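Everything below concerns the one structure shown next.
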Amino acid sequence: MSRPPAQGAGPGRDRPLGGDRGLRPWRVSGTTAQRLGVLFVVVLVWDLVLALDGHIPAGWAGGVIAATVVCYPCLAVVCALALGQPPPGWLVRWRPQRVLVVAPALTLVMAVVVGLQVPGYLRSRSGIGADVTAATLCAAQDVLAGRDPYRTPEVACLGRLHASILVATPLARGRFAGRRRYPSDAALRRAAVAAGRHEGRSRAFPVFGYPPMSFVWMLPVARAGPTARVAWTLAGAAVWLVVTGLAAGWLWPAVVMLLLLQFGGGSVLAAAAQGDGEFFAYALATLALVLLDRQRWSAVLLALAAATNPLTWVIVPGYVVLAARLPRPSRRLGWFAAALAAAVVPWLLVYRDAGAAIVALVRQPAYAYGIGLVTELGPAPAPVLRTVLFAVAALGLALVVGVCAWRGRWTAAAPAVAVALLWASWRSDANYLAQLFPLAVAMAVGLHRCSASPPIAGRRAVPSAPAEAVP
């Protein structure tokens, strides 16, 4: 005969199931466990898709690309359903929390696997695997040397760091004006040689244009070698994992397992393993959702994320809608605005080109690439197609936020699921799209922590699940 539930427990509550001495297997039930179970399956499917992409027999590429294009929106919809208040009845009846029985063991296995991989990252990294890593590192060096980082051309930066020009971001102007396909490696090298004759300046490549906090996080290791840089971001990742695990309470094995499964999937931990400064933006954004019940901390963390990388801007509208349904929304948004101004305005006053460079980064005519909708569009006229996709993404974001604002049941899904709109953007890189899953996990933890507070209320009366017991 099974042990009766603890006093006050109910079908919607989160509770550990076990003997008085805790000798039975680790099992969970309740709304948060249901959400985490769904996200576990979603993350496994996403990792499988990424593993198949690029490792398939010749002639099957179109099928895998099509599967990728179709798969991601479907996974995003499932994430949104899991974050509903409450989740759909059919999903609850599926009892997805049952898959979490493997969480403690799989967390230990993943921790060992990651631990074995870390020495390799520390030893073998040349340091620069993406242009954003080089850009933020050069900007930090410029600041320490008293130079304006917003005047450093990308070609000059890569040359300074002895990095390959192939990681640069070519633009459809200058030497590449009128070119409809992404330039070849040989064309990139020729353009870099030509730019080298003019101190690295070329209209075919951008100058630094990331928000100021992007280089602030890298100042401590700006003049260090690749090993120190990777150690720095991995140390930050360890802190991020510990804070998230502690915030999740007794659910930490499932939460840490889900985050570790993304170590090689282009997500937060993957950026940390590459010494990529983007890690700090991703980690701050997830912590802002994890600590949703801490009004001040949540708002400040999201502001710092927005001041670090433009990719985090897409979740801000959803966060605003969510904040409007939490206690004291004006105070929360006031903290966000104050922290954002404090992080950005001083640098804008020091570096007068910063504002124009940040705007140029968003508007520059970069070539399409990624695993989203653009993979099926081919070499269409760039300006027209870019405008159409921007309009589609903007309308999609407005639709997601509007529906969430109108239907209180889906409000909590808005911050995480908004990232899915990058699937229809001009540059739908797998690293960008993968941020949906840690953000969804973070939102599930944030809802778990908020469960002891007044429920998120909509304009209409929305049935909610029974209150969840917060440890």
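The values are calculated or read from the model by the stated rules, or taken from the named source; none is laboratory data. Not measured: the values here are computed from a predicted model. Cβ: placed from backbone, ideal geometry, glycine included. Neighbour counts: every protein chain shown. What goes into the accessible areas is simple: the full protein's heavy atoms, side chains included, and nothing from ligands, DNA or RNA. Shrake-Rupley method; radii C 1.70, N 1.55, O 1.52, S 1.80 Å.
Among 45-52, 364-371, the peptide with the highest mean count of other Cβ atoms within 10 Å heads the list, and the full ranking is 364-371, 45-52.
Expressed as a whole percent, the accessible surface of the range 222-298 that belongs to carbon and sulfur atoms is 68, based on a 1.4 Å probe. Between the beta carbons of R331 and V243, assuming R0 = 30 Å, the FRET efficiency works out to 0.85 to the nearest 0.05. Distance between the pseudo-spin-label points of A51 and A111 (7 Å out from Cα toward the beta carbon): 2.3 nm. Compared with the direct C-alpha span, the chain from A194 to V350 gains 53.0 nm at full extension, assuming 0.36 nm per residue. Between L44 and S184, the C-beta separation translates, for a Förster distance of 30 Å, into a calculated FRET efficiency of about 0.25.
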